[in-house]
Amino acid sequence: MTKSELIARLAARYPQLVAKDAEYAVKMILDAMTHSLVEGQRIEIRGFGSFGLNHRPARVGRNPKSGDKVHVPEKFVPHFKAGKELRERVDQRLEEQQRLEQQK
């Protein structure tokens, strides 16, 4: 799902919400999440999952085109870990799909 698809679904699900307002709401949520991660904070959405930062230390990499060694600086990368409820719902849906395919 893309950001524009999320906005369209919100606007369709809540007819009293103008598409422009749905877009603003999604933008504000994503901006708040980005700001929290930039500040080094962890984000936890109960039943969905958590976002955090993983530290990747500096290392010596390789340029795949030339084979030359390249210094890769340390960095922090966003990381998502699915919550228990989300994992269970996805697993349940996959099991249902497999059962339906076997019945065909």
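The values are calculated or read from the model by the stated rules, or taken from the named source; none is laboratory data. These numbers were taken from a predicted model, which means no experiment stands behind them. Cβ placement follows ideal geometry from the backbone for every residue including glycine, while neighbour counts extend to all protein chains displayed. The protein model used for the area step is the full one, side chains on, heavy atoms only, and it has no ligands, DNA or RNA in it. Shrake-Rupley method; radii C 1.70, N 1.55, O 1.52, S 1.80 Å.
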Residue by residue through the stretch 1-20, note down the ones that are open to solvent by less than 90 Å² (accessible area, probe 1.4 Å) and not in a helix (DSSP H, G or I). Thr2, Leu17, Val18
Quick one: is Leu94 of a type in the set (A, V, I, L, M), at pLDDT below 95 and surrounded by 10 or more Cβ atoms within 10 Å (Cβ to Cβ)? yes
Take the stretch 48-90 and flag every residue that is without any contact (Cβ under 8 Å) to a residue 12 or more places away in the chain, open to solvent by less than 90 Å² (accessible area, probe 1.4 Å) and within 30 Å of Ala32 (Cα to Cα). Val90
Residue tally, condition open to solvent by 60 Å² or more (accessible area, probe 1.4 Å), closer than 25 Å to Lys81 by Cβ and assigned to a helix (DSSP H, G or I), over the stretch 21-47: 8
